[in-house]
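Q: Handing you this structure, nothing more for now.
Read the figures in this text as sums done on the coordinates, not as results from a lab. In this text, all values refer to a predicted model and were calculated from it rather than measured experimentally. Here Cβ is always computed from backbone atoms with ideal geometry, including for glycine, and neighbour counts include all displayed protein chains.
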């Protein structure tokens, strides 16, 4: 088993073991930090993932984005096995799709990656240099290829590790938000 797969298994188990009430408390803290940033931001079009039960819950974040008059975009896995972005008008525009994840319904309008001002990205683990460990399918790495706008990861503090093995094609985050801290990655470290 390679290092990434070993780390992925360990972190997924750790997330599953998190007590529900502690998870909810951490979610609230993470989202409060992010909401303060969003309230001050100029970005208009925000891409946000629809969370699974074990990820930082983005349901209240999506509602908040609507209240802030932001255009909300959510990814969906296409037949070609890549992420395609769609604008949603409400949380009701989401239904269970691939891998049991909420996705935009058929009637939602497609949005180009280049139109998005801010990406909110999930992950299994992160390091302080902005490296991200996902599910190993490369969906987000392909989606974010060439993207220069902010890429904010939402994570629990235990998901931040010393080092994530990475390749040249792996896309780094520009910021990581946990319940304990904001980790902003300087652009110079993104070039290393």
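Q: Which of 149, 73, 48 moves most in a GNM of the chain, Cα contacts under 10 Å?
A: Top of the fluctuation ranking is 149.
Q: Per the helix-only calculation at 222 nm, which mean residue ellipticity applies to the chain, given -39500 (n - 2.57) for every DSSP H run of n ≥ 4 and division by its residues, nearest 500 deg cm²/dmol? Intermediate values should be presented prior to the final figure.
A: On the way: 5 runs with 54 residues, N = 192.
Taken over the chain, the calculation gives -8500 deg cm²/dmol.
Q: What's the ranking of 53-59, 123-129 by average number of surrounding C-beta atoms within 10 Å, highest first? Write down the numbers at each step before the final one.
A: Values: 53-59: 18.1, 123-129: 21.0.
So the order, starting with the most tightly packed, is 123-129, 53-59.
Q: Using Cα pairs under 8 angstrom and six or more residues apart, how large is the relative contact order of the chain, in percent? Let's see the in-between values first.
A: On the way: 331 pairs, mean separation 39.7, N = 192.
Relative CO of the chain lands at 21 percent.
Q: At 0.36 nm per residue, and after removing the present C-alpha to C-alpha distance, how many nm does the segment from residue 78 to residue 96 gain when stretched out fully?
A: On the way: separation 18, 0.36 × 18 = 6.48 nm, distance 1.39 nm.
Full extension of this stretch gives 5.1 nm more.
Q: Also, I was wondering about something else. Work out Dmax and Rg for the range 69-110 from the C-alpha atoms and quote the Rg first, both in angstrom.
A: Radius of gyration, then largest Cα-Cα span, for the range 69-110: 9.8, 32 Å.
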